[in-house]
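Since the structure comes first, as structure tokens, the remarks are kept for the end.
Bear in mind these aren't lab numbers, they're just calculated from the coordinates by the rules spelled out. These numbers were taken from a predicted model, which means no experiment stands behind them. Glycine also receives a Cβ, built like all others from the backbone with ideal geometry; neighbour counts cover every protein chain displayed.
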Amino acid sequence: MSETTIVWKKCKKCRKLQHPDHLRCIQCKNTTFDTVKSSGDCKLLTYTILNAPPSEYRDKKSYTIGVVEYSNGLKAIGQIISSENLKIGMKLTSKFQKLTENLDGKEIFGITFKPT
Ligand SMILES: [Zn+2]
């Protein structure tokens, strides 16, 4: 699996990072941004395993959500593909991909992480 670069918008006025994209800064309502990209692998900061997932994940008995930090300091939250042998500080690769379908059949996308 190849690495995916995640792009954040950084407000030119207050420097708040935001992902996913918004037309206006979620902190100061400014409308001009710089872009900041994730770099390389990321490390796992914390995670939790949901054993009663919402109906969109009806085909799974559980799923795992994690918070990671990239080598340039950016942090992101997303779904970890595996829930076994996870350790705080371990290296992960990230990818933006389809997560599931909602109850109307619409595809839901997000960031996923996978142990290297
Ligand atoms: Zn701002």
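The table below lists the values:
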item	result
Distance histogram in 5 Å bins (all Cα pairs of the stretch 7-115, percent per bin)	2, 12, 19, 18, 17, 15, 11, 4, 1
Global geometry of the stretch 55-115, whether rounded, prolate or oblate, following the gyration tensor of its Cα atoms and the 1.5 cut on a/c	oblate
Nearby lysines by direct alpha-carbon distance to K9 (threshold 20 angstrom, same-chain neighbours under 8 apart not counted)	K29, K37, K75, K95
Footprinting exposure proxy for S82, S94 (fewest neighbouring C-beta atoms within 10 Å first)	S82, S94
Cβ-based charge dipole, the stretch 7-115, positive-most Cα from P54, M90, T31	T31
